[in-house]
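Everything below concerns the one structure shown next.
The values are calculated or read from the model by the stated rules, or taken from the named source; none is laboratory data. Computed from a predicted structure; not experimentally measured. Using ideal geometry, Cβ is built from the backbone for each residue, glycine included, and neighbour counts are taken over all protein chains shown. Calculation scope for accessible area: heavy atoms of the full protein, side chains included, ligands and nucleic acids excluded. Shrake-Rupley method; radii C 1.70, N 1.55, O 1.52, S 1.80 Å.
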Amino acid sequence: MRLKDRLIRMIETDGPMPVSLYMQTCLHDPQHGYYATRPGVGEDFTTAPEISQIFGELLGLWALHEWQVMGMPAPFTLMEVGPGRATLMRDALRAISGVKAGDAFLKAMKLKLVEASPALRKVQADTLSDFAPEFLTQIDDVEDGPLILIANELLDCLPVRQFIRDAEKNSWAERKVGVAEGELIWGAEPLDDLPFFTPDLNRLKGFELQPGLETMALTLAGIAERGHAMRALLIDYGPNHLPPEDTLRAFYKGEQIDPLAMPGECDLTVDVDFAQLRHQGEKAGLTVHGAVHQGPFLLSLGAEARMQQLTQANPETAQTIFEAAARLVDPKDMGDRFKVICFSSGDLPAPAAFF
């Protein structure tokens, strides 16, 4: 039975389905979910590490610097959550191995990867075989000890609830997925109360809420409360102030399609509410820096200098290298749309590149 048919049966039995449950099922169903069956990096979507090696290299050197700030603990855990094809971590570890302090970092490092997809786990194990990665099911499976965590484009796939405002009636409803004539359709269910409310919401036609942002903050806070130094660097796209409105999108082979058209066969993504993420981090007792724009963040880490090194060493592909690097930092491309936020245990100074 196709996932679409199962979803229709579930809705016909239990009633309209919240968008969050629809996303969760489409992405993570163990039999037909997108991440279980169709690792789509480079086919359905392309991430920053796949665009330019500079991205992973600079994050690797950032991690090395933060390890030194922590007092060079040995051992410590370097973790990536949602590593894709391990391109970011491959480039990061190569950059680290090329500098003087890198040997000590690599000797002290225990590499942990949090990955749900069996297919991607195999790719990651092969790509990073020299570093003997250990796979975890979830972040808080990590053992006690100092931790540096990196996650790029992880939060945008956390399921959202969507809320719609009727300005004339001054009322709110929750968007849900229903069924009509054997097809999935959008609907809405009136609400008496919202999960939270601020006057700013009345400026919007609707808004999205990712419950997983609170879960992420509480998970990191739990790790920090064990008494060891922690940095968690999260990179994704979304606004820094008001919540996103209706940003649910689906991608199949690089093309945007109707999110209801091919459940389980396409990637689903939403914008991340960085203001809410920061709020949840602070509420959980973490020290939060950012969110800052990706462009200035990478430039402060040396993106331009690294781009010049690569173009000089590879003149035959210099234009391609330049254009790829420019995509990462250009405000009209990924430079402004993507944000970088860092959660830390309370005993650490401000991390590099946050200003």
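Odds and ends about this structure:
One line per residue, one yes/no per condition, for (1) crowded, with 23+ Cβ neighbours inside 10 Å; (2) touching a Lys or Arg at 6+ places or on another chain (Cβ under 8 Å); (3) outside any loop (DSSP other than H, G, I, E, B):
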| residue | (1), (2), (3) |
| --- | --- |
| Met216 | yes, no, yes |
| Leu220 | yes, no, yes |
| Arg226 | no, no, no |
| Leu233 | yes, no, yes |
| Glu245 | no, yes, no |
| Gln256 | no, yes, yes |
| Ala261 | no, no, no |
| Val272 | yes, yes, no |
| Leu277 | yes, no, yes |
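- Candidates in the stretch 279-304 are the residues that are surrounded by fewer than 17 Cβ atoms within 10 Å (Cβ to Cβ) and free of Cβ contacts under 8 Å to residues at least 40 places away in the same chain; of these, the one that is farthest from Ala352 (Cα to Cα) is His279.
- Residue ID - least open to solvent (accessible area, probe 1.4 Å), chosen from residues in the stretch 8-38 that are under 13 Å from Lys176 (Cα atoms) and touching a Pro at 6+ places or on another chain (Cβ under 6 Å): Met23
- Unique match (being open to solvent by 20 Å² or more (accessible area, probe 1.4 Å), modelled with pLDDT under 95 and among the small types (Gly, Ala, Ser)) among Ala74, Ala101, Ala125: Ala101
- Considering Gly98, Gly145, the condition of being more than 22 Å from Leu213 (Cβ to Cβ) and more than 25 Å from the chain's Cα centre (by Cα) is satisfied by Gly98 alone.
- Positions within the stretch 137-165 being in a strand (DSSP E or B), among the aliphatic types (A, V, I, L, M) and open to solvent by 10 Å² or more (accessible area, probe 1.4 Å), in sequence order: Ile164
- Failed condition for Asn314, given (1) touching a residue at least 24 places away in the same chain (Cβ under 8 Å); (2) open to solvent by less than 70 Å² (accessible area, probe 1.4 Å): (1)
- Condition check for Ala350: open to solvent by 20 Å² or more (accessible area, probe 1.4 Å), touching a residue at least 40 places away in the same chain (Cβ under 8 Å) and under 21 Å from Gln68 (Cβ atoms): yes
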